[in-house]
Structures are given as structure tokens and as C-alpha cells.
1. Among residues belonging to segment 92-115 that are in contact (Cβ under 8 Å) with a residue 24 or more places away in the chain and over 10 Å from A33 (Cα atoms), point out the one that is farthest from the chain's Cα centre (by Cα).
2. Of everything in segment 64-123, what is in contact with a helix residue (DSSP H, G or I) (Cβ under 8 Å, 6 or more places away or on another chain) and among the hydroxyl-bearing types (S, T, Y)? Give them in sequence order.
3. Take the residues in segment 61-91 that are hydrophobic (A, V, I, L, M, F, W, C) and not in a loop (DSSP other than H, G, I, E, B), then tell me which one is nearest to M32 (Cα to Cα).
4. If you take the residues in segment 41-91 that are touching a Pro at 6+ places or on another chain (Cβ under 6 Å) and β-branched (V, I, T), which one is surrounded by the fewest Cβ atoms within 10 Å (Cβ to Cβ)?
5. Can you spot a residue in segment 11-27 that is part of a loop (DSSP other than H, G, I, E, B), surrounded by fewer than 16 Cβ atoms within 10 Å (Cβ to Cβ), modelled with pLDDT of 95 or more and under 17 Å from the mean Cα position of the chain (by Cα)?
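The values are calculated or read from the model by the stated rules, or taken from the named source; none is laboratory data. The structure presented is a predicted model; accordingly, all values stated were derived computationally and were not measured. Quick reminder, even Gly has a Cβ in these numbers, built from the backbone with ideal geometry, and neighbours come from all protein chains shown.
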Amino acid sequence: MRRLILLFAVALPLALSAPLDARADEEIQVGMASWYGAELAGNATASGEVFSPAKLTAAHPSLPLGTKVRVKNLENGRTVVVRINDRGPFAKNRIIDLSEKAARQLGMIDDGVARVRVVPLES
């Protein structure tokens, strides 16, 4: 019985320290991101909301609309959390299109693209 209690006492903190924000590892993506801004402001997104470059949103080809993801710029280490509200990107070799605000936070405005890691977050 003591061993069982000891095992539980050791295992519980380990279980609670596991990251709760990431979904299964197979949903984590690494690739190129781009951004879009004022030229599309006011257009309807796939979710039906009006696109605003001043919001922290993004377009992704397959994640459910409304999903929040953490995007990390692998070149400078900056991160941002965005909500998927549109479909895209439609350019080859891109995994996500970010709003202008998100791109600014990641420090990728001038380059236009950046190598990123995209991690879906639990709701």
C-alpha cells in the first residue's frame, strides 16, 4: 500500500506538469508563413467574419475554424497566438497566412515570409 501511495505521489506531479496546451504531436507543423493585410481588409473570411489586419487571426488549409494556434518564428524566437478564421494559404510551400498584426508581432513584415512552427492549442 505504501508503494502505491508513493507511486501516486511521484506520478501525479509529473502528470500535471505535462503541457496542456498542445494537441497531439502530429498536428504540429513546421514550414513557411506569409501574411496579408490592408489589401484584403473588409473582405469576408471563410468563417463569415470580416477580415481585419489589426486582429490576431490567420488562414490555415485544414484546422477547424475558430482553432487557436501558437505560431513561433523560428528565425527570431518570437511567438504569437492567433485564431484561425479563414482558409489558405494558396501560395505553394506555405502552411499558414497571418494577419498583419500577427506578422508584426513575429517580426516578419519586412521579409514577408518566415519559417514557423504552428501548434494548435486546446480550447
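1. Only one residue fits best here, namely I109.
2. Hit for segment 64-123 is T79, nothing else.
3. The qualifying residue nearest to M32 (Cα to Cα) is V71.
4. T67
5. No.
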